[in-house]
Structure formats: C-alpha cells, structure tokens
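Colleague: The structure that follows is given in the form of structure tokens.
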Amino acid sequence: MLPIDTVRAAFPALALTDAGAPRLYLDAPAGTQVAGRVIDAMRDVMIGACANDGGLFRTSVQTGVIADTAVASAAAFFHCADDEVIFGMNTTSIFFQMAPLIAANWQAGDNILLTRMDHDANVSPWLQAAEARGVEVRFLEWDRDTFAFKLETLDQLIDSRTRAVAVGHASNFLGTVNDVAAVCAAARRVGAVSIVDAVQSAPHMALDVQAIGCDLLSASAYKFFGPHLGMAYVSKRLQGLIRPLKVRPSADVMPTRLMPGTPSFEAMAGTTAAIQHLAWLGELAGAIAPDAPLRQRLVAGLAAAQAHETELMRRFLAGIATVPGVTLHGIANANRLHERVATFTFELAGKGSTEVAQALADRNIFVWNGYYYAWEPAGVLGVKERGAVRVGFTHYNSLDEVDRFIAALGEIAGRA
C-alpha cells in the first residue's frame, strides 16, 4: 500500500493553494504534475553540466553520462535493449518523424490499419503518409457496449498487403486498456510494422515491448510525472527497414541515427528522474529493495500505483453513480477495472462541458473539457461539437480528493 501523504510530499505543486483553497489536479491525462526530483535533476544539469556531448572537457563528459543514463533508464522502462531507444520532442512529433520513413516503400494497392479509439497523434501521421503514398486506410472499430475493440474483425482487416498497423495501448477518451499484443501479433503474421501509442498507459502500468511484440512504441514523459520530452522504442527489425533522416557527419549508430539534432539533455535527465520516481514507489510500498535492478523496482512501483488507482476508481464510480444526469463514456463495471486506466469522460444532462469545467475550475478543481485530440472516438460518440468532461486520477491523488470532486459535481448537477 502506498502511504499517500509521503507520495504527495514528493510533488511540490500539490502543496500550492489559491486564496487558501487547495488545488485539485484531475487534469493528469493531458499532463501530470512533476515530481520534485525531476525539477532538481533538470536544474542540476543546467547549472553543473550545461554543454553538448562529445567533448573532452568536464561538463561535456558529464553530459554524455547524462545521455547514456537516460537511454539505459528508458530501456528499463520499455524492457528493451539500450540500442532500441530514442528521444524526441513528444510522441506526436516522434510519430510524424517516423511516418515517412516507415512509409517510404508503400505502394498503391497496399493498406494500413488504424483505429477509431486512438488519439490523433497515432492517426494523422499515418493518414498523411498513406495519402502521400496512395495506399488504402482501414479502421478497427470498437464496441459501444463493451468499450473494447472488435478484435474478431482483425482477420478481415489485415492481409498480405497490410504494411502498418497503429493502435493505442490505453484510450485518452474512454480509458480502455487495449489488447495491443493481439493486434501486434496479427500485424506480425503478415510482416506489417506495428506501432503502439503508450502515452496514456505509461503513468499507470509497466510497459513491456517484448510482451507486446511491437516495432515502434512511444510515450511522453510529461504524462508520467516528468518533463516535456518523448521517448520511443524502435525494434532492431524496424531499424533495418528504414533509412533515417540525419546530417552526414553524425554517427550512424543508435540513438544518434534516429535523433537528428542536439537533444534536450536537461529533459533527458528529468525523464531519468521521473523513471526513478516510479521505481521509488516500489520501495515505498515495501514491495522491493532499494538495491534491486531498476526494471524490477519499476514494475513493483507501477503495480503499487495501479493498486492505489484501482481504489480511486472504485470510489469514483460509486460516487458518480449518485450524481443525477451523468452519462459515463467508458467501462463502469467495478469488476472490469483491470481493463481500464483511471481516465473518465462523462457528460452531465442539461449542462455543456464548458459550463461544467468552468464550475469546477471556480472551485479550484482542474479538469479538461472538449475531445482532447481524440477525434475518432469523439466522432463515434457524436460529441465532437459539444465535447465532454474528462477527469484523470494518478497515484498522487487521494480518496478525499475523489470525494471532494463528487461533492462538487453533485452541487453543479443540483443534487438534492
């Protein structure tokens, strides 16, 4: 069990108040609060090791160590080899960078498979690449009752001319955790490249690219308590299929060959610290020794976070069931919580999403409204125009905060 007071003390922003009112951060699906050790790490780099790498002098050597440590930490995070990791601005940018490289040999008559559940970061890059190469685009649909993919249709959607399959691990709109391993296995059977967006799953569960079986997987550190930076796993198979965009003098080795230009070393250090924070959760919960390998501590830490978030989800679902007029878009069965992350999207009868979000903001409760770049699922549900309200819980949220949110929503709904 996570000691919530100790966890919350690790995040400086959680202590802030406005006119005496504490802040209630439920905006995590768009970006979490930042762990204090992340802030310290980035500050230390910008003061003590502010240099490019590759030099013989002290600060440059330190920068090289920072970069190597970040690569090793990301490899532990993804459960892959060090030479299968790259960093970029964010997941959207990484996918837009990789799309034309992956699509270089696509031809008319080929097809790719996308989904109706994904964030547009894992749709538009491949749509644009398909348009440029003249290939067919197919979509994997999801069931409106179960909020899960119709995986039984994969055999009809994927064939010998399928060149790429892109799928989201967890939905930033519905909260569903998808069986990406099954989708990637179907892609692998026909030799298609498989792409996984793990942005929404990364803060909530341990990622394992070996178990998933994908070729490309990306996550953004600012969604898991770190800085604005993206990092990706690129399989050796995929590395062998693409010709990178790079300046001629740069080394043709990973990660340099797929990271054009100088990276943000301070953000890489911050990402390492964010990963260390997640590993620390395993120690804090008493599940793992401090000297255990990073991967083991990470898995234990995210398991502890997931257990805590499951309790938050139970409290949320029980509470929101008492608020009149709520329509929840996503899994609401307490027996299926293992099939979702703690991201909830809902509508309130008689009130627009902007009105609800503003009423919550007036109470210093931070939530998002709209469709959050989830263009496809918002289209399926018909809420592109009116939008919906989204709240997200992480391991730094408390049960008391869930209760505060439910009470406020009840007031807004006019609950007796």
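Nothing in this text is a laboratory measurement; each read-out follows from the coordinates by a stated rule. Small disclaimer: the values here were computed from a predicted structure and weren't measured. Positions of Cβ are generated from backbone atoms using ideal geometry, with glycine treated the same way; all protein chains shown enter the neighbour counts.
Colleague: Excluding residues on the same chain fewer than 8 positions from Lys351, give the lysines whose Cα lies under 19 Å from its Cα.
Modeller: Cross-link targets: Lys384.
Colleague: Follow-up question, since we're still on this one. Summing -39500 (n - 2.57) over the DSSP H runs of n ≥ 4 in the chain and dividing by its residue number, what mean residue ellipticity at 222 nm do you reach, to the nearest 500 deg cm²/dmol?
Modeller: When only DSSP H runs of four or more count, the value is -12000 deg cm²/dmol.
Colleague: Mind running the shape call on the chain? Use the C-alpha gyration tensor, a ≥ b ≥ c as the square roots of the eigenvalues: rounded below 1.5 for a/c, prolate if a/b tops b/c, oblate otherwise.
Modeller: Taking the square roots of the gyration eigenvalues as a ≥ b ≥ c, the chain is oblate.
Colleague: Looking at the stretch 81-187, which trypsin sites (Lys or Arg not before Pro) are in a loop (DSSP not H, G, I, E or B) and have at most 12 other Cβ atoms within 10 Å?
Modeller: Arg144
Colleague: What percent does the relative contact order of the chain come to when contacts are Cα pairs within less than 8 Å and at least six residues apart?
Modeller: 22 percent
Colleague: Right, something else. Run the dipole for the chain about the Cα centre, Lys and Arg Cβ at +1, Asp and Glu Cβ at -1, nothing else charged, and hand back the magnitude in debye, nearest 20.
Modeller: The dipole of the chain has a size of about 400 debye.
Colleague: Just to be sure I understand the rule: take each whole DSSP H helix in the chain, project its Cα atoms onto its long axis, keep it if the span is 27 Å or more and its mean Kyte-Doolittle hydropathy is at least -0.5. Which ones pass?
Modeller: Those that clear 27 Å and a mean of -0.5 are 58-78, 265-284, 294-320.
Colleague: Please say if the stretch 40-274 is rounded, prolate or oblate, where rounded means a/c under 1.5 for a ≥ b ≥ c the square roots of the C-alpha gyration tensor eigenvalues, and otherwise the choice is prolate for a/b larger than b/c and oblate otherwise?
Modeller: Note, shape of the stretch 40-274 comes out prolate.
Colleague: The stretch 362-416 to the stretch 320-345: how many Å between their Cα centroids?
Modeller: The two parts, judged by their Cα centres, are 11 Å apart.
Colleague: Still on this structure: Quick one: Cα centre-to-centre distance for the stretch 186-254 and the stretch 62-87, in angstrom?
Modeller: 13 Å
Colleague: Using a/c under 1.5 as the rounded threshold, could you call the stretch 286-349 rounded, prolate or oblate? The axes a ≥ b ≥ c are square roots of the C-alpha gyration tensor eigenvalues, and prolate needs a/b larger than b/c, oblate otherwise.
Modeller: Because a/c hits 1.5 or more and a/b exceeds b/c, the stretch 286-349 counts as prolate.
Colleague: While we're looking at this one, here's another question. Quick one: compute the contact order of the stretch 40-274, relative version, from alpha carbon pairs under 8 angstrom and 6+ residues apart, as a percent.
Modeller: Across the stretch 40-274, relative contact order equals 25 percent.
Colleague: Please name which of Leu360, Val253, Leu151 has its Cα lying farthest along the dipole of the chain towards the positive end, using unit charges on Cβ (Lys, Arg +1; Asp, Glu -1) and the Cα centre as origin.
Modeller: Sorting the options by dipole projection puts first Val253.
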